[in-house]
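Below is one structure, written out as structure tokens, with a few remarks after it.
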Amino acid sequence: MENKIIETKILTTSEHDIKTAAEIIRGGGLAAFPTETVYGLGASAYDEDAAKKIYAAKGRPSDNPLIVHVASAEQIKDVALEIPKSAARVIEKFMPGPITIILKKKDTIPDTVTAGLSTVAVRCPDNGTARSLIEKAGVPIAAPSANLSGKPSPTKAKHVINDMTGRIDAIIDGGSCRVGVESTIVDFSSERPVILRPGGVTYEDLKNAGVDVDIDRHILETIDAKETPKCPGMKYKHYAPNAEVIVVEGEKDAVQSKIKALISENKGKIIGVLTMFGADYDDAVMLSAGDTNRKYAKNLFSALREFDELGAEIVFAEFCERDAYALAVRNRLYKAAAQRVIHV
Ligand code: AMP
Ligand code: MG
């Protein structure tokens with residue numbers, strides 16, 4: 001589909017503006033909105049043509065399905081054939097919240113939304129603006145992250161404005177996203193539930209709630225282009241800033257001396273350091289990831305975009321496992337680094 005340049009309205013989170021965005025979506029248009037994870041790019045999940053516009057606006061490959069957002073757990077029945085017991089437990093414990101469940105789909109959802117799969121990914125966000133928008137639209141909203149395909153997911157309205165102005169009808173500015181990485185995806189469509197993507201609801205959270213899940217082995221690996229992963233999004237290059245990202249993982253002193261050595265090996269280049277330990281490196285632009293993995297998740301995508309703006313050619317990312325968000329952060333960080341990880 002050809003991209004025409006369209007006028008993009010910048011909206012607030014007022015009742016009036018959410019209503020405007022809801023009308024755009026009901027009318028077959030596209031509106032970006034804040035959620036607790038990242039900003040979403042929404043269209044009616046019942047409208048095949050509107051879904052096609054999402055793929056065109058993002059430059060998203062058509063075999064990478066969209067997540068369907070609902071305003072309440074009740075609404076899941078409108079899009080899914082059945083809800084297995086373990087999925088019901090997840091709905092009860094974690095929805096609304098940063099988790100997406102994969103269920104067998106109903107015919108109400110067109111194939112374009114699910115990229116031809118017989119399953120549908122469903123999520124109920126806990127962000128008030130997002131839920132109000134879905135309610136007012138009166139339809140479930142299909143929404144991937146509101147970035148250009150291949151760029152880091154947007155965690156602030158300005159990221160969406162940079163990527164999507166002229167491509168979509170409206171952007172609701174709802175400030176910074178609380179979680180900062182995309183939702184946890186759990187597949188309930190086959191025998192045992194499997195985490196396909198780690199996120200704000202952690203493996204430990206699920207275990208503690210009595211939900212017995214496996215973790216897909218691809219989470220910390222790059223997918224071979226010939227392989228068909230369960231979560232089609234896994235195989236695409238993601239979160240890539242212009243700079244070459246190298247993760248240096250381990251305890252503080254070892255990480256810092258390694259990065260110091262790497263900086264001196266790369267003299268003459270514009271170097272960025274994403275720091276957890278608050279170190280002081282000469283000859284590098286520093287951005288803080290925060291001293292916990294939870295803060296790291298919130299700051300990561302925004303920092304990657306900022307390094308681009310600063311013209312960084314190489315970014316060294318300090319990483320140390322500190323809490324249950326480690327898996328979600330590693331998954332994004334390793335992808336951003338195209339698996340260039342140095343363990344010290
Ligand atoms: P995004 O919202 O841009 O993070 O993309 C949505 C993610 O959900 C992608 O990684 C998709 O591959 C994944 N996804 C959506 N629908 C399904 C589905 N039916 N089965 C497996 N993964 C899905
Ligand atoms: Mg995305």
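The values are calculated or read from the model by the stated rules, or taken from the named source; none is laboratory data. In this text the structure is predicted, and so the values were computed from the model without any measurement. Please note: Cβ atoms are built from the backbone with ideal geometry, for glycine as well, and neighbour counts cover all protein chains shown. All accessible areas refer to the heavy atoms of the entire protein, side chains included, with ligands and DNA or RNA removed. Shrake-Rupley method; radii C 1.70, N 1.55, O 1.52, S 1.80 Å.
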In sequence order, what are the phi-derived ³J(HN,Hα) couplings for region 189-194 according to the Karplus relation 6.51 cos²θ - 1.76 cosθ + 1.60 with θ = phi - 60°, rounded to whole Hz, with x for glycine and proline?
8, 10, 3, 10, x, 10
Helix 85-94 sits off the longest principal axis of the Cα atoms of the chain, rounded to the nearest 10 on a 0 to 90 degree scale, by 70
Helix-only [θ]222 nm of the chain, DSSP H runs n ≥ 4, -39500 (n - 2.57) each, per residue, nearest 500:
-9000 deg cm²/dmol
What part of the accessible area of region 34-153, given as a whole %, is carbon or sulfur when the probe is 1.4 angstrom?
48
Give me P(r) over region 92-225, computed from all C-alpha to C-alpha distances, binned every 10 Å, as integer percentages.
10, 35, 40, 14, 1
Between 0 and 90°, nearest 10: helix 293-309 axis offset from the chain longest Cα axis:
80
Global form of region 59-154, assessed from the alpha-carbon gyration tensor, a/c cut-off 1.5
oblate
With +1 on the Cβ of every Lys and Arg and -1 on the Cβ of every Asp and Glu, the dipole magnitude of the chain about its Cα centre, in debye rounded to the nearest 20, is 260
Might you work out the accessible area of Glu309 for me, using a 1.4 Å probe with all protein chains in place, and round it to the nearest 10 Å²?
120
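Kindly identify region 130-172 as rounded, prolate or oblate by the Cα gyration tensor criterion: order the square roots of the eigenvalues as a ≥ b ≥ c, call it rounded if a/c is under 1.5, otherwise compare a/b with b/c, prolate if a/b is larger, else oblate.
Prolate, since a/c reaches 1.5 and a/b exceeds b/c.
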Give, as ranges by residue number, the residues of region 4-25 whose backbone N falls under 18 Å from the point 7 Å along Cα→Cβ of Ala56.
4-9, 24-25
Here the averaged projected area of region 1-119, based on the convex hull of its alpha-carbon atoms and given in nm², is 8.0
Could you list, bin by bin from short to long, the percent of Cα-Cα pairs of region 254-322 in 10 Å steps?
22, 55, 22, 1
Which value in nm describes the separation of the simple spin-label points at Glu309 and Lys269, placed 7 Å from the Cα toward the beta carbon?
2.3
Amide H to amide H, which residues 5 or more places from Thr100 or on other chains are under 5 Å from it, using H placed in the peptide plane?
Thr184, Ile185, Val186
Geometric extent, Cα atoms of the chain - Rg, Dmax (angstrom):
19.8, 59
What angle, in degrees between 0 and 90 and rounded to the nearest 10, separates the Cα long axis of helix 128-137 from the longest principal axis of the Cα atoms of the chain?
30
Honestly region 287-344 on the Cα gyration tensor test (a ≥ b ≥ c root eigenvalues; a/c under 1.5 rounded, otherwise a/b vs b/c for prolate or oblate) is just oblate
So what is the accessible area of the chain per residue, in Å², with the probe set to 1.4 Å?
42
Post the alpha-carbon centroid distance, region 238-307 to region 124-176, in whole angstrom.
28
